[in-house]
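The values are calculated or read from the model by the stated rules, or taken from the named source; none is laboratory data. Given the structure is predicted, the values throughout are model-derived calculations rather than measurements. No Cβ is skipped: glycine too gets one built from the backbone with ideal geometry, and neighbour counts run over all protein chains shown. Note: areas computed on protein heavy atoms with side chains; ligands, DNA, RNA excluded. Shrake-Rupley method; radii C 1.70, N 1.55, O 1.52, S 1.80 Å.
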Amino acid sequence: MPSIPENVTHIGFADESKHNIGRYRSISLVSLSVEHFNLFNKLLNDILTKRKCTEIKWQELRTNFDLKVTEEIFGVVYEYARLGLIRCDTLIWDIEDSRHKIRSRDDVANLIRMYYHLLKNVLINRWPDNSTWAIYPDENSSIDWDNLKDVLDAQSISLKPTPVLRTLKAFGLAIRREFRIEEMVEKCSHDEPLIQVADIFAGASAYSRDCFERYKRWCDSLNPQETLFEEDKVEPLILTGSEKRRFEFLKNLKEFSRKHKLGISLESSGGLKTFHPKYPMNFWWYVPQTDLDKAPTSA
């Protein structure tokens, strides 16, 4: 458990999924007040200890045991979200859109921009104005967090590119002041269950778009209907172990959202999506803001 600075009121844990692989990429931030962190973190750690599980990860969700532990962890996550005690915000982008389908795209620099958008949306718009933050990203991130501010282009943020902000140190201090971030330190996901939760949300969101057609076929197969004509019959869907467990996770998430009116769409949108960011589990599809909104390049 991290040693949180005394003046910090809120805490966030972040992870990413496939920043440079596949069509859909995502990052997730799990945030809550320090007041509720200790008990929440203890509940998750107790589950992992009881189940003798070191860590849950989306890429390793393959067996019934993996799914059982993950669902037990997320039972606590969902309840805290339902009560408004935590937020789980995930930003998903499509590298086939007009912003990203460009030559010499720099995926790491783009990932940093996306982290900036997510942090700004959550820290500034979703929690009280006087919140003071500690942010703990996964240490296996593709980002060099020590040099995060050096890669951000001034045009992508609200700060003006004055001469005072042109050095890395001054720029970093300005970002911290804008977001009221007291500490930003990488942590090992093995030691932080909330980074593991962020990993699951990030992985599930990108996966739900990548594999939506197979997920839909699986859902349809759960309630098969008789067909009158031979040509209308569909070949049986053969799933891998990981597909079956991941599809079950997505289905359970959607059912929980429907039951408690948490605003998550899946079937109607072709992937996890929340249409209003006020909801505590927010899946945000990034769309280009203007014709000039382009991903950074390495050229």
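The table below lists the values:
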| read-out | value |
| --- | --- |
| Residue in region 78-99 that is open to solvent by less than 20 Å² (accessible area, probe 1.4 Å), under 14 Å from residue 135 (Cα atoms) and in contact with a Cys (Cβ under 8 Å, 6 or more places away or on another chain) present | no |
| When residues of region 249-281 are limited to those that are more than 23 Å from residue 113 (Cα to Cα) and open to solvent by 70 Å² or more (accessible area, probe 1.4 Å), the one farthest from the chain's Cα centre (by Cα) | 259 |
| Residues of region 282-299 classified as outside any strand (DSSP E or B), in contact (Cβ under 8 Å) with a residue 60 or more places away in the chain, loosely packed, with under 13 Cβ neighbours inside 10 Å and hydroxyl-bearing (Ser, Thr, Tyr), total | 1 |
| Output for region 6-37, where each listed residue is open to solvent by 40 Å² or more (accessible area, probe 1.4 Å) and either at pLDDT below 95 or part of a strand (DSSP E or B) (or both) | 6, 7, 18, 20, 21, 23 |
| Matching residues in region 193-223 - criterion: being of a type in the set (A, V, I, L, M) and open to solvent by 40 Å² or more (accessible area, probe 1.4 Å) | 222 |
| The lone exception for residue 53 - which of (1) open to solvent by less than 50 Å² (accessible area, probe 1.4 Å); (2) part of a helix (DSSP H, G or I); (3) free of Cβ contacts under 8 Å to residues at least 40 places away in the same chain it fails | (2) |
| Some residue of region 12-19 being hydroxyl-bearing (Ser, Thr, Tyr), under 30 Å from residue 105 (Cα atoms), in contact with a Phe, Trp or Tyr (Cβ under 8 Å, 6 or more places away or on another chain) and in contact (Cβ under 8 Å) with a residue 12 or more places away in the chain | yes |
| Tabulated pairs, region 178-198, first under 26 Å from residue 46 (Cβ atoms), second in a strand (DSSP E or B) and of a type in the set (S, T, N, Q), C-beta under 7 angstrom, 6+ apart or interchain | 198/28 |
| Checking residue 109 against (1) open to solvent by 20 Å² or more (accessible area, probe 1.4 Å); (2) more than 22 Å from residue 275 (Cβ to Cβ), the condition it does not meet | (1) |
| Residues of region 96-119 classified as among the β-branched types (Val, Ile, Thr), over 14 Å from residue 293 (Cβ atoms) and not in a helix (DSSP H, G or I), total | 0 |
